[in-house]
Amino acid sequence: MNEHERRLALVVEGILDSYREHGNINHLDGSNLPARSEVSELLDDLISVVFPGYFNGEQLDELTSRYFVGARCARILRRMEQVTGRALAVHCDGAGDSGPSAHEHALELLQAIPQIREQVASDVQAALAGDPAACSDAEIIMSYPGVAAIAVHRVANHLYRRRVPLLPRMMSELVHSRTGIDIHPGATIGHSFFIDHGTGVVIGETCKIGNRVKLYQGVTLGAHSVKSREHQSGQRHPTIEDDVTVYAGATILGGDTVIGRGSTIGGNVWLTRSVPAGTTVVLDTPSLRFFNLGER
């Protein structure tokens, strides 16, 4: 063994020693986990069925759409069975015990696509109505990160509510990496939801959002900091009732915090208590100072 081979052998032994020392970040001697690339491809197939003709190369019409949907659904079914089966094999907290099989979960998701499309259609219309810069449905579907994030959320939330492990969070994090919008799959979101611009938006797991709600970039709907997992039961994130608008940079925290129907929350506002319906909350005008560089 030459010097390079000896050093490489020592490196390998060092890594194996770390496996024994820090076993909580290993996944050895277990069933395969869902691969991130597989879930990404599955998600792309699902979105191509939710938005037919937008994200696939084939030109679709009334005749060819039947063949496209049939072939794509068959592929989704196979991929969904595979990744769901792997997820169920490593589930936590008892999820999946004596529950639906991977095949049943896959079929249920496909059966839910018409309902998911109904929700997403209202989200697209909310974007078109809420942004004067929007020119068409096509522009919104193909270029608005908020619509991409909420469309994936509609899919992930379906799986989350049926206690499918791993996959909902993987889907939400995939779209988070693509859009900068972080929506936990457990969040409950009503119809006609619009996130304008979107970068930096965070929506927590137990958040409840009503209908016709509009958020701008940098909004956080979060929880108060807790010391341990034992204190995380119940609703930890705020409730946003119907017809609320939250402007850029606002932070709203806490499971007891309710933003009443029709309220407006101004930019950079920090809220940890409820506001009644029809309330406008804004910061006082800040004191600004102007300097001419030549006079300083």
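For region 1-96, give me every one of the helices (runs of 4 or more DSSP H) that falls completely inside it and has 1 or more residues that are assigned by TED's automatic domain parsing to the domain that holds Arg162 and surrounded by 11 or more Cβ atoms within 10 Å (Cβ to Cβ).
Output list reads 36-50, 62-89.
Assess whether Leu16 counts as being touching a Gly at 6+ places or on another chain (Cβ under 7 Å) and at pLDDT below 95.
For Leu16, the condition - touching a Gly at 6+ places or on another chain (Cβ under 7 Å) and at pLDDT below 95 - is not met.
Looking only at region 238-252, how many residues end up being under 13 Å from Arg273 (Cα atoms) and in a loop (DSSP other than H, G, I, E, B)?
1
Mind listing whichever residues of region 253-271 are touching an Asp or Glu at 6+ places or on another chain (Cβ under 9 Å) and either assigned to a loop (DSSP other than H, G, I, E, B) or not hydrophobic (A, V, I, L, M, F, W, C) (or both)? Working first, answer last.
Within region 253-271, the first condition is being touching an Asp or Glu at 6+ places or on another chain (Cβ under 9 Å), and the residues that meet it are 258-263.
Residues satisfying the conditions are Gly260, Arg261, Gly262, Ser263.
Answer yes or no as to whether Arg261 is more than 22 Å from the chain's Cα centre (by Cα), surrounded by fewer than 20 Cβ atoms within 10 Å (Cβ to Cβ) and among the charged types (D, E, K, R).
For Arg261, the condition - more than 22 Å from the chain's Cα centre (by Cα), surrounded by fewer than 20 Cβ atoms within 10 Å (Cβ to Cβ) and among the charged types (D, E, K, R) - is met.
Out of all the residues in region 125-148, is one or more within 14 Å of the chain's Cα centre (by Cα), of a type in the set (Asp, Glu) and under 21 Å from Thr245 (Cα atoms)?
Here is the first cut: in region 125-148, the residues within 14 Å of the chain's Cα centre (by Cα) are 145-148.
Applying the additional criterion that residues be of a type in the set (Asp, Glu) yields none.
No - not one qualifying residue is present in region 125-148.
The values are calculated or read from the model by the stated rules, or taken from the named source; none is laboratory data. None of these values were measured; they are calculated from a predicted model. FYI the Cβ positions are ideal-geometry reconstructions off the backbone, even for glycines, and counts take in every protein chain you see.
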